[in-house]
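S.K.: Let me begin by handing over the structure; questions about it come next.
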Amino acid sequence: MGKDSVVPTEFFITKLSEAKVAFERALDCKHTEFDDLYPYMLEHPQFFWYKRYVAWSKLLTIVELCEELDMPWKEEFSSQQVGYLEQRVMSAKVLDFWFDGSKEHAQR
């Protein structure tokens, strides 16, 4: 891609979907690529909090890029999840109620 190339919307939506799945897998304490990067951390209780924080940060970054590029992203989430993402803070409420009203848990 040259400097004048335009990244297609589908690229960002795919990356957004991947980040959402990774965050949901982290919430469900399922395996993510993060586990492979830091296998020595698996025994530490704070690992799962850190894993969730990293996944949330990645998801927020992609949402922010979609916003800046005027790409639709809200359709990928329930209205409740959109609210959480717009507030940006990964609170206990997000951790406890992310799946309420959403269609599915992380299936991958």
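The values are calculated or read from the model by the stated rules, or taken from the named source; none is laboratory data. If you're wondering where the values come from, they're calculated on a predicted model, not measured in any experiment. Cβ atoms come from the backbone with ideal geometry, glycine included; neighbour counts cover every protein chain shown. The protein model used for the area step is the full one, side chains on, heavy atoms only, and it has no ligands, DNA or RNA in it. Shrake-Rupley method; radii C 1.70, N 1.55, O 1.52, S 1.80 Å.
S.K.: Rounded to the nearest percent, how much of the accessible area of segment 9-100 (1.4 Å probe, protein heavy atoms only) is carbon and sulfur?
M.R.: For segment 9-100, the apolar C and S fraction of the accessible surface comes to 55 percent.
S.K.: Related question: What is the gain in length, in nm to one decimal, between residue 40 and residue 96 on full extension, counting 0.36 nm per residue of separation less the C-alpha to C-alpha distance? Intermediate results must be reported in sequence, preceding the final value.
M.R.: Values: separation 56, 0.36 × 56 = 20.16 nm, distance 2.70 nm.
Here the segment from residue 40 to residue 96 would lengthen by 17.5 nm.
S.K.: I want to check a number: in the chain, how many lysine pairs have alpha carbons closer than 12 Å, given a sequence separation of 8 or more or different chains?
M.R.: 4
S.K.: Something else about it: Under 1.5 on a/c is rounded, so check that first for segment 13-108, then, if it is not, pick prolate when a/b is larger than b/c and oblate when it is not; a ≥ b ≥ c are the square roots of the alpha carbon gyration tensor eigenvalues.
M.R.: Prolate is the answer for segment 13-108, as a/c is 1.5 or above and a/b outweighs b/c.
S.K.: Please calculate how many Å² of accessible area the chain carries per residue, with a 1.4 Å probe and no DNA, RNA or ligand atoms counted. Walk me through the numbers before you get to the answer.
M.R.: Values: 7130 Å² over 108 residues.
Using a 1.4 Å probe on heavy atoms only, each residue of the chain averages 66 Å².
S.K.: Could the peptides 64-73, 15-24 be put in order, highest first, of the mean number of other beta-carbon atoms found within 10 Å of their residues? It would help to have the intermediate numbers written out before the result.
M.R.: Working: 64-73: 13.7, 15-24: 19.6.
Top of the packing list down: 15-24, 64-73.
S.K.: What is the distance, in nm, between label points placed 7 Å from the Cα along the Cα-to-Cβ direction at residue 14 and at residue 78?
M.R.: 2.8
S.K.: State whether segment 45-85 is rounded, prolate or oblate according to the following rule on the C-alpha gyration tensor (a ≥ b ≥ c being the square roots of its eigenvalues): a/c under 1.5 gives rounded; otherwise a/b larger than b/c gives prolate, and the remaining case gives oblate.
M.R.: Note, shape of segment 45-85 comes out oblate.
S.K.: Place the peptides 38-45, 7-14 in order of packing, highest mean first, counting for every residue the other Cβ atoms within 10 Å and averaging per peptide.
M.R.: 7-14, 38-45
S.K.: Could you give the dipole magnitude of the chain about its Cα centre, charging the beta-carbon of Lys and Arg +1 and that of Asp and Glu -1, in debye to the nearest 20?
M.R.: My answer is approximately 220 debye.
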